[in-house]
Every structure is written in structure tokens, then in C-alpha cells.
Amino acid sequence: MSGLTHQWVHIAYRETSAFTETYGFSGSQGAVNLEGLLISAPGASREVVFLMMHPSSTLQLLPLPPALAAAGYPVLCMGSRYAKNDTALIMEKVVLDMGACVRHAKEVLGFERVILMGWSGGGSLALFYQSQAEHPTITQTPAGDPVDIVGAGLIPADGVVLEAAHRSRAQCLRDWIDPSVIDEADPDQRNPSFDLYAPSLPFSAPYPADWLAAYRAAQLARLRRITDRVKETLDELRRRGGAELERGFVTHRTLADPRFLDGSIDPNGRPVGRCYLGVPETVNSGPVGMARFSTLRSWLSQWSIDDSRADGEACARQVSVPLLAIEHGADDAVPQPDIGLMFAAAGSADKEMHVIPGANHYFQGQPVPLQASVLLVSDWVARQLG
């Protein structure tokens, strides 16, 4: 939008890693470097800023940040150290990254209040961060590596907005992973009873309830088989005692949620036969599939349903600051119940929830729903500033 300013923001803080996780001097030189953009209108107040961060994406190109900035509310879009590459992502370290951003927003940029704007995967991250900022407990990752969140001095945010947000990456993978795969080394070895896209499947949507229950159970079983293998491999590497500390691996076929083919499952206004990444069958084996490439430690931290701590519903119970939840009525990515579940769980005494009818995940081609979101957020924050 014309008239807005875009200020490059660089944040660096000290951290030493046992081994290099990412390119770009994140940890390998004894420091973590984060980059982002502060989007604001000329003369905007420093009373409040919205901080947007996603575990692995950058958000400044979404339509909401400039729209909010044009409405008078600066937006700080920051990437984590794992921006655009979640292969080695550790959620606990992303919490530390967010903590550095909250501190920078207050102590360097001079904003009085910071509100976490949790979009999509940023929703569970925002709740994970805020729960630890209010009640720090974590001193190690799920793999047992030290990560001192208790001693990090995280500054609690002043509010949380959840928009088009899912409960967690692990919850999404549990719902999306293809249960037909029976050999992780050969994705062509499949159980035909659960091969969602096979022409030989004896029925189509709406799917029978007993089959769907068995399908969901098989998804969970596959997820846990992978987790068992991850833990066994980590234990073996530790027993060897050598310099090999980590290993990467591929998980094939990770988008086979019947919900994308059956509109009666968690119904909303989403299109059936497509999802936010395109044709579900194509995405299932494509290069940008969820959890396609992962390290052992990263799997436990972000993808294991039993080990990941970044669960939005669980973390919401530990959050006390004002909370606004916004569900997109035609979200083609986030399961319809997720926003409501996190809202219901939130410990905040001051909380409210709204649904924007017809809004897809990204407001793609949707200027009217976008402005509805801006109005909801603007009205809410104006009441908070009182």
C-alpha cells in the first residue's frame, strides 16, 4: 500500500550450538541472527505493535500486515532462525527467537505494548511463547538437549490475536499424514484399504464413520512408528559416542486428510477437492509437503504428537492476557474446530471470538473479508488501549 514505510530490522543475540543447524550464521558463529520488516504508516504511534512470527515462514507478504499498518497499527514481521526451512526446526529455539523480538520491540524500537499476531502456524507459536513467558518451565528440548527458557527472561506480550490458526504442527500432521504407507523406505508399498486417492477405494465421500475412525487410528499409528524410529536412532547415535550427532530423513506422503475431499468432515465454506497448497493428491507426495524433510531432533520438537510442546490448546490454558480469536469461515488449510478449541481453552478472562464468513486461509482475492479482519482487530485493540 502506498504511503507505508518498510524498515528492515536485524536482531542478533548470543547462542552457542553443539553443531550447525542452518545456513546464514545462525548459531555457527556463536550468535543467532533474525531479520524482518517493520511496516507502519508515517507518524504512527509507538503505543502498540503487532508482532507476527511463524516457525518457518515469513509473513510480510501476506495482505494483513500492510492493511493493519494502513489502519494505524504498526506490524513487525519477523522470521525465526529457520525462515523458509523447517528441516531442523526446534520449537523451543523459536520461542527464544520470539523472545528476542519482543524485547527488541519494547527496548530498542520503543513500543509500549506488544501484541502477538498468531497467523496460521504462528498461532500455536504465540501461545507456546506466551505460556512460557508467563510460566517458564523448559530447560531442555524433547530430545534432551539443553535450552534454557527458564533462564531466558522472556517478556510476556500484552495480548494475543489468533487468526486462521491451527492447534499445532504435530496436530496437523496427525490429521494429514497418509496412513496407507506401510514401508517408510518405499512409499509405493501401501495398504489399499487406506489409500485415499486410489481409484480402487470402494467408496467415496461422504466417508463411512467406521472407516474414518479406522483411518484416523492408522494415521496416529504411522506417526508413532516414525517417532519410535527417531528415538531409536538418536539413542543409537548417543551409544556410539562419536561425532555423528544428528541425521536427516524423508517422510513420504503427508497430505491425505479426508477432510479435503469430504466437506461433511468439520464443515465450513472451504472448496472440496482442493487445499491451500493446491490439489491434495499432488501435495501428498510433493516437495513442500508437511514434514517432508526433517532431522531427528526436529521431528520430536515439532512433528511428534506425543513429544511436541507447541500445542496451542494446551498452551492456551496457561495464558492470561487478553485474547482475540478470528476463524476464517472458508479456511482451506486450518481444521474448522481448531480456533474454537484454543479459544475455549484459553485462561484469559478477557477473550472474544469472531468468524469471518467466506474468508479463505490467505484472503486470496478477498478484499472485503480482509477489511472485515482489520476492523475486528482494530476495534479490539482500541478497546484494549481504552
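The values are calculated or read from the model by the stated rules, or taken from the named source; none is laboratory data. Everything quoted here is computed from the prediction, not taken from an experiment. Glycine also receives a Cβ, built like all others from the backbone with ideal geometry; neighbour counts cover every protein chain displayed. With ligands, DNA and RNA removed, areas are computed over all heavy atoms of the protein, side chains included. Shrake-Rupley method; radii C 1.70, N 1.55, O 1.52, S 1.80 Å.
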Checklist entry - Which residues, counting only those in region 204-220, are open to solvent by 30 Å² or more (accessible area, probe 1.4 Å), of a type in the set (Gly, Ala, Ser) and in a helix (DSSP H, G or I)? => result Ala209, Ala213, Ala214, Ala217
Item to check | Yes/no for Leu68 being out of contact with any helix residue (DSSP H, G or I) (no Cβ under 8 Å at 6 or more places or on another chain), crowded, with 21+ Cβ neighbours inside 10 Å and modelled with pLDDT of 95 or more | outcome: no
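Pick out the one residue from Arg247, Arg259 that is touching a residue at least 40 places away in the same chain (Cβ under 8 Å), open to solvent by 30 Å² or more (accessible area, probe 1.4 Å) and touching a helix residue (DSSP H, G or I) at 6+ places or on another chain (Cβ under 9 Å).
Arg247
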Item to check | Leu154 open to solvent by less than 20 Å² (accessible area, probe 1.4 Å) and at pLDDT 95 or above | outcome: no
Checklist entry - For Pro267, are the conditions met, namely being surrounded by fewer than 17 Cβ atoms within 10 Å (Cβ to Cβ) and under 30 Å from Ala198 (Cα atoms)? => result yes
Checklist entry - Among Pro42, Pro63, which is more than 30 Å from Arg297 (Cβ to Cβ), of a type outside the set (S, T, N, Q) and out of contact with any helix residue (DSSP H, G or I) (no Cβ under 8 Å at 6 or more places or on another chain)? => result Pro42
Checklist entry - Taking into account only those residues within region 348-386 that are open to solvent by 50 Å² or more (accessible area, probe 1.4 Å) and charged (D, E, K, R), which is nearest to Ala164 (Cα to Cα)? => result Lys351
Checklist entry - In the set Pro335, Pro322, which member is touching a Ser or Thr at 6+ places or on another chain (Cβ under 8 Å) and buried (at least 16 other Cβ atoms within 10 Å of the Cβ)? => result Pro322
Checklist entry - Is it true that some residue in region 119-136 is at pLDDT 95 or above, surrounded by fewer than 20 Cβ atoms within 10 Å (Cβ to Cβ) and either more than 27 Å from Ser378 (Cα to Cα) or under 15 Å from the mean Cα position of the chain (by Cα) (or both)? => result yes
